[in-house]
Each structure stands twice: as structure tokens, then as C-alpha cells.
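Only the coordinates and a few stated rules stand behind these numbers; no lab work does. Predicted model, so just to flag it, every value in this text is computed and none were measured. Glycine also receives a Cβ, built like all others from the backbone with ideal geometry; neighbour counts cover every protein chain displayed.
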Amino acid sequence: MTVRIEVRRGTRRYIIDIRYTNNAGTKARFRQDAEVQTQPASRAEDMRRMMMVATTGLPFVAPKVDAETGEPPKEVTFAEAANSFLELHGGTRLKPSTTRSYGDVFRARLKDQIGAMPITQITPIVIRELDQKLVARGLSPSTRNGTQCLIRSVLKHALEAGFLSALPEFPRLPKVGATIQHVLTSEDVTRILLATPAPHRLALEVGAYAGLRAGEVRGLKWGDVDLARGLLVVRCSRSHDVEAPPKSGHERVVPLHPKLHALLASAKAKVKTEYVTGPGEGRPWGNNAVRQAFLKSCKRIGLTGFRLHDLRHAFVTELFRSGASAPVVQRLAGHQHLTTTQRYAHTVFPDLAAAVVKLSW
């Protein structure tokens, strides 16, 4: 049997993985997710494809040819497959921000290199050569990783759309080493908030006291805030003037911290707009305004090297330090997988120093 099991983001996937020699005498590999994700169905598909190899030399139906010319149809280029992928999945499987980011990655790193290349010619060698060029440009392993992930997504879409008959054997992704995380302390967060002028402050306070992502802060509406019950519901994320579900795809409830409850009650009494935070005059935030406000406040107090997302990071870290369990933190943060939550469970330097002081020798 050539059925493999692969775990992706905590979910088991059945993979059909067949190595064979095609009719031209060339060694090849067919590897893709089973059509039906159950053990009996994946085994049945595996046997069916092995029978196809035995009878036709291929584990899939050979591409059709043009009835008039007898030639294969015009091959789809990588650029055409990428555009098809983004048009089909943008706003559905992909968040608006992810769609925009993928488009930027394609234009900056892939269009000139492999955009005009037929997707059937995107081999492991081509991907490795492209990665070497990205290394020469000084791009980090995580950035190169994202580029290769986009290539994989486009080729998998091409397989589903019938542009490809089989996926190439992808090279290993670049290794991304662990980095030292600099976590905002509670004192840092307090100083940042005090250094932030209105109306920006409430946006940062929502991020710090409720752990909302930047897009969730921009998309939070008064209809999602229940002051009587002391909670807010995270229902949408706003990015580039487009509203979509939160990153996890699920709504979540966050109880209001007493300080945030008082701040929201005061703000609601003064402002009658749809959005909880904004630059004024009833307008929602632009995509970078809150981030710029955070960076300016950090600069005012002499803090460097932090991002707006670090307010959320500090929220999760403080929850762990207060003794909250990982599943509880996962629900409050809206992480789809517990492994994501655990990556946020960093300790700040005082915790490390306190541990060292306890050495008895």
C-alpha cells in the first residue's frame, strides 16, 4: 500500500504517494491528498491508481489532446494559475489580507522569475533555483518559506482545476530557527497606553485588555459589545476596507477586564458611531493608522523593536503568568490550534532572572 498519513495543523490527512516509471521510462512520483478522507476510501483509491499504472503506465487519466490538431491543449502558465487561484479563493478560503499579501508576494518574487513558465515545468530544481535567488537577495528563511508555500498552493489549485495531472515532489521548506522573543511587560503596556493620545488610545486598550488582532480592533462594532453582561464578541476582522470573519474563522467571546469595561462605558456615552474605535467623525480606521499610533507611542517612551501585535502577545503571556490554562487562553485568544497558543507562552526576563536566583549552590 502507498497510502501515507500526514498531520497538518492538527488534522490527519490521507495521502496517495506512488512512485512509478512512466511510458517514457522516466521515474516519476504521484502524490496528492486522497479524494475521500477515510481509511477504506483512500486504500480503495490507492488500489485503483496502482491498477492504472499497471494498465496505462500512469496513475491518472492522461491529459486530453485537441481533436483537430492532435496536439495537447495550450499549457497554463504559473501566472495564469496564480491569478486563477487568487480569484477563486480570495474572500472565501483566503482572508482579504492574505489575498492581498499573496498578490504582493507573486508580483515581487515570482512574476518575473517563473510567471511565464508553464506549470508543468515547475520542477523541484526550478523551485530550488528560485530559492537560491531569494537567498542572494538577503531574504530571511521565513520570507522564503512564505514564497514556497504560495507556489505549493498555486500548484495544488492547478491540480484541482485540471491544469496539472500530478504534483511535483516539493523540496523541503527552508528551516526557520527559533528567535528570542521580546515580550512587552505590564509596565511597558501601561506606559504605551499613557503615551497614546485620544482617539488612538481606546484602540490600543482593546488590543491590550482583550487581546484582539489589529483587524479585529478595526472591525469591532458597538453591537458586539455587551456592557450589561461585561463581554464583547469578536465577529469580524476589517482589512483594507473589507470585512471578513476572524482569522480562525470562528466567533469568540472575551469577558471585559474591569478597566476596559469602564473605558468602553465612557466611550459609548460620548460617541455614537457604528465602530467602537476610529479616527473620529464616524469613520473606521485605515489599515495602518493604529499601527502607526502604536509605533509613535513607543518612540515617545523610548521603546524599540515592538509591533502592534505585541499587545496581543502581552495579553496572552500575562494570562499564562496569572495561571490560566492553555485551553482557556486558546479560547480567549481565538487560536484554532492549541500549538499556536503554546508558542505564545513565552516568559519575560524577570521570570528567567527569578528562576536563576533560586539556584542553591
(message) Please list, ordered by chain and number, the residues whose modelled amide H lies under 5 Å from the amide H of Arg252; skip anything fewer than 5 residues away on the same chain.
(response) Val234
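Just in the stretch 267-333: which trypsin sites (Lys or Arg not before Pro) are loop by DSSP and have at most 15 other Cβ atoms within 10 Å?
Hits after loop and neighbour filter: Lys272, Arg307.
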(request) Pick out, in residue order, every one of the GluC sites (Glu not before Pro) in the stretch 108-186 that is DSSP loop and has at most 14 other C-beta atoms within 10 Å; say none if there are none. (result) Glu169
(request) With everything on Cα atoms, drop me the angle between helix 39-56 and the longest principal axis of the chain, reported from 0 to 90° to the nearest 10. (result) 30 degrees
(message) With N set to the number of residues, divide the alpha-carbon radius of gyration of the chain by 2.2 N^0.38 Å and report two decimals.
(response) 1.23
(message) Between 0 and 90 degrees, rounded to the nearest ten: what's the tilt of helix 141-161 against the longest Cα principal axis of the chain?
(response) 50 degrees
(request) Determine, from the Cβ-Cβ distance of Arg107 and Thr11 and an R0 of 41 Å, the FRET efficiency 1/(1 + (r/R0)^6), rounded to the nearest 0.05. (result) 0.85
(message) Report the gain in length on full extension from Gln342 to Leu194: 0.36 nm times residue separation, minus Cα-Cα distance, nm rounded to one decimal.
(response) 50.3 nm
(request) Please list, in chain and number order, the residues 5+ apart from Ser237 or on another chain whose amide H is under 5 Å from its amide H, with Hs placed from the backbone. (result) Ala244
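Please give the peptides 313-319, 92-98 ranked by average Cβ packing (other Cβ atoms within 10 Å per residue), highest first, as a rough proxy for protection.
In decreasing order of mean packing, 313-319, 92-98 become 313-319, 92-98.
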(message) With θ taken as phi - 60° and the coefficients 6.51, -1.76 and 1.60, list the Karplus ³J(HN,Hα) couplings across the stretch 196-201 in order, rounded to whole Hz; mark glycine and proline as x.
(response) 9, x, 6, x, 5, 4
(message) Once you keep just the Cα pairs under 8 angstrom separated by 6 or more residues, what percentage relative contact order results for the chain?
(response) 13 percent
(request) Please give the length that would be gained between Glu87 and Ser140 if that part of the chain were fully extended, namely 0.36 nm times their separation in residues minus their C-alpha to C-alpha distance (nm, one decimal). (result) 16.3 nm
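Counting other beta carbons within 10 Å of each Cβ, put Leu139, Leu256 in order, fewest first.
Ordered from fewest to most neighbouring Cβ atoms within 10 Å, Leu139, Leu256 come out as Leu139, Leu256.
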(message) Distance between the C-alpha centers of the stretch 28-45 and the stretch 187-243? Whole Å please.
(response) 45 Å
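Mind putting a number on the dipole of the stretch 282-348 about its Cα centre? Charges go on the C-beta only, +1 for Lys and Arg and -1 for Asp and Glu, and I need it in Debye to the nearest 20. Walk me through the numbers on the way to the answer.
Numbers: 10 positive and 2 negative charges, 60 e Å.
Here the size comes out at about 280 debye.
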(request) Would you mind classifying the stretch 209-334 by shape? Square roots of the alpha carbon gyration tensor eigenvalues, ordered a ≥ b ≥ c; an a/c under 1.5 is rounded, otherwise it is prolate if a/b is larger than b/c and oblate if not. (result) rounded
(request) Filter the cross-link list Lys133/Lys156; Lys27/Lys95; Lys221/Lys296 down to pairs whose alpha-carbon distance in this structure exceeds 30 Å. (result) Lys27/Lys95
(message) Show me, for the stretch 291-304, the HN-Hα J-couplings you get by feeding each phi into the Karplus relation (A = 6.51, B = -1.76, C = 1.60, θ = phi - 60°), rounded to Hz, glycine and proline as x.
(response) 4, 5, 4, 4, 5, 5, 5, 4, 5, 4, 9, x, 9, 10
